[in-house]
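Here's the structure, in structure tokens; my notes come after.
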Amino acid sequence: MPDRTLFVTASTLIAISVVMIYSLSEYTVVLFDYAPMHFALRQMAFGLFSILLMWAIAQLDPDVWLGRLGFLLFLGGLVLMMGMPFMPSSLVTEVGGAKRWIRFAGVSLAPVELFKIGFVYFLAWSFSRKIRHHSELGIRGEFRQFIPYAAFFILVMVLIAVMQKDLGQVMVLAMSLLFMLMLAGSSFRFFLVLMALAVGAFVVFIFTAQHRVARIISWWSLAQDSILSLMPEFIASHLRVQSHDEPYQISHSLNAIHNGGIIGTGLGSGTFKLGFLSEVHTDFILAGIAEEFGFIGVVVVTGLFAWMLKRIFTIANRIGNARYSLFCVGVGLLLAFAFLLNAFGISGITPIKGISVPFLSYGGSAMIASAVGVGMVLMISKKAQY
């Protein structure tokens, strides 16, 4: 029997999403003259489909279907991402010079969302077969066995960070890869070396793109006072940005969170969704929840998300099969890092990455991909030893 607690928790987050999308899309509906229930009905359709898909996948035999689904998502997502730059504009949606969505039958699909699930399956499959414990190899041996993965990840970085201009997704995949590698048997020292190299690579990616540099400066202008106050003045004076416009989105996000207080303004009574905070029903949905349901609402949503992750990691811990266990961990890491990067971004702790909140943000691709990932974990949970 699939883990019912995990299924109910994920479904509850989807239900919360539908309610919040109805409330938070109010201004966008009026601005673009959509039907009043336009976004809510679409999200409800995505949500119902995701719940049914998640439960249907859960009924399958993992010994037969896990590998088939995993490689289908991995190879299919990779092929679609490689082919997107060459597809006609009638099939691909381009935003800011980046082609991220494929349009089909009135629905937009982001291949990277499905590829992420396939990617962690590929890592679980490969690591469980080829990664040996670090005590058998030494640091040089660890580097040698990691070279093929590094080469492939560079290709992934080019496809996502360069071609699609989406560094946030690469960060989620990179962190998932590093933690899965350590759990597969790599040494902590090798993990730290790779972490340092990854940070260096992201710095290079940031400073080779003007829009990323502008985003960092915009974030720093808001965060600098609290950080520089902890440093000696002779250092702080060299790091301080003397004059820069206050980051528009972060500023309104923080104001929305502050306006919500402890108990919030009430469902439908938020004000910052009325043209002040754009994309509040997508990337900034946590700020919208914070305003309308306050600190209590954020705690409830975060608690549900944490409980879902706990169930996923519990299943991973109770599976004897290394491939199954690593895959469950990988899915949990994808969801956890996406949630954290979004939460840190909307609260000004880190620059905004454009990462949606799994199961909560508006959009079909991310929700369906998350449902597929959790459905595959549910499929595995039938073999867990409780």
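Quick notes on this structure:
- From M84, M44, residue being at pLDDT 90 or above, surrounded by 16 or more Cβ atoms within 10 Å (Cβ to Cβ) and either among the aliphatic types (A, V, I, L, M) or closer than 26 Å to I315 by Cα (or both): M44
- Within the set V64, V30, the sole residue that is open to solvent by 70 Å² or more (accessible area, probe 1.4 Å), farther than 22 Å from F305 by Cβ and among the β-branched types (V, I, T) turns out to be V30.
- For the stretch 204-270, the helices (runs of 4 or more DSSP H) that sit wholly inside it and include 3 or more residues that are modelled with pLDDT under 75 and open to solvent by less than 60 Å² (accessible area, probe 1.4 Å) are 210-228.
- Restricting the stretch 94-138 to residues that are in a helix (DSSP H, G or I) and loosely packed, with under 12 Cβ neighbours inside 10 Å, the residue that is modelled with the highest pLDDT: R129
- Only one of the numbered conditions (1) at pLDDT 95 or above; (2) closer than 20 Å to L66 by Cα is not met by G320, and that is (1).
- Pairing residues of the stretch 141-164 that are of a type outside the set (A, V, I, L, M, F, W, C) with residues that are open to solvent by 70 Å² or more (accessible area, probe 1.4 Å), at Cβ distances under 9 Å and at least 6 apart in sequence or on separate chains, gives G141/R132; E142/R189; Q145/K130; Q145/R132; P148/K130.
- Lone unmet requirement of (1) touching a Phe, Trp or Tyr at 6+ places or on another chain (Cβ under 7 Å); (2) free of Cβ contacts under 8 Å to residues at least 60 places away in the same chain; (3) part of a helix (DSSP H, G or I) for N342: (1)
- Criterion (more than 24 Å from L254 (Cβ to Cβ) and either within 15 Å of the chain's Cα centre (by Cα) or among the small types (G, A, S) (or both)) met by exactly one of G354, G364, G345: G364
Conditions (1) open to solvent by 10 Å² or more (accessible area, probe 1.4 Å); (2) assigned to a loop (DSSP other than H, G, I, E, B), marked per residue:
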{"residue": "F313", "(1), (2)": "yes, no"}
{"residue": "I319", "(1), (2)": "yes, yes"}
{"residue": "V331", "(1), (2)": "no, no"}
{"residue": "I380", "(1), (2)": "no, no"}
{"residue": "K383", "(1), (2)": "yes, yes"}
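- For the condition touching a residue at least 12 places away in the same chain (Cβ under 8 Å) and not charged (D, E, K, R), L41 does not qualify.
- Matching residues, the stretch 364-378, being closer than 10 Å to L69 by Cβ and open to solvent by 10 Å² or more (accessible area, probe 1.4 Å): V372
- Failed condition for Y149, given (1) under 18 Å from L326 (Cβ atoms); (2) open to solvent by less than 10 Å² (accessible area, probe 1.4 Å); (3) at pLDDT 85 or above: (2)
- Scan of the stretch 50-93 for residues that are more than 23 Å from the chain's Cα centre (by Cα), hydrophobic (A, V, I, L, M, F, W, C) and within 28 Å of F152 (Cβ to Cβ), ordered by number: L60, V64, W65, F86, M87, L91
The values are calculated or read from the model by the stated rules, or taken from the named source; none is laboratory data. Only a predicted model underlies this, so the values are computations on that prediction, with no experimental measurement involved. Don't worry about glycine lacking a Cβ; one is built from the backbone with ideal geometry, like all the others, and counts go over all protein chains shown. Ligands, DNA and RNA are stripped out before the accessible areas are found, and what is left, the full protein with its side chains, is counted by its heavy atoms. Shrake-Rupley method; radii C 1.70, N 1.55, O 1.52, S 1.80 Å.
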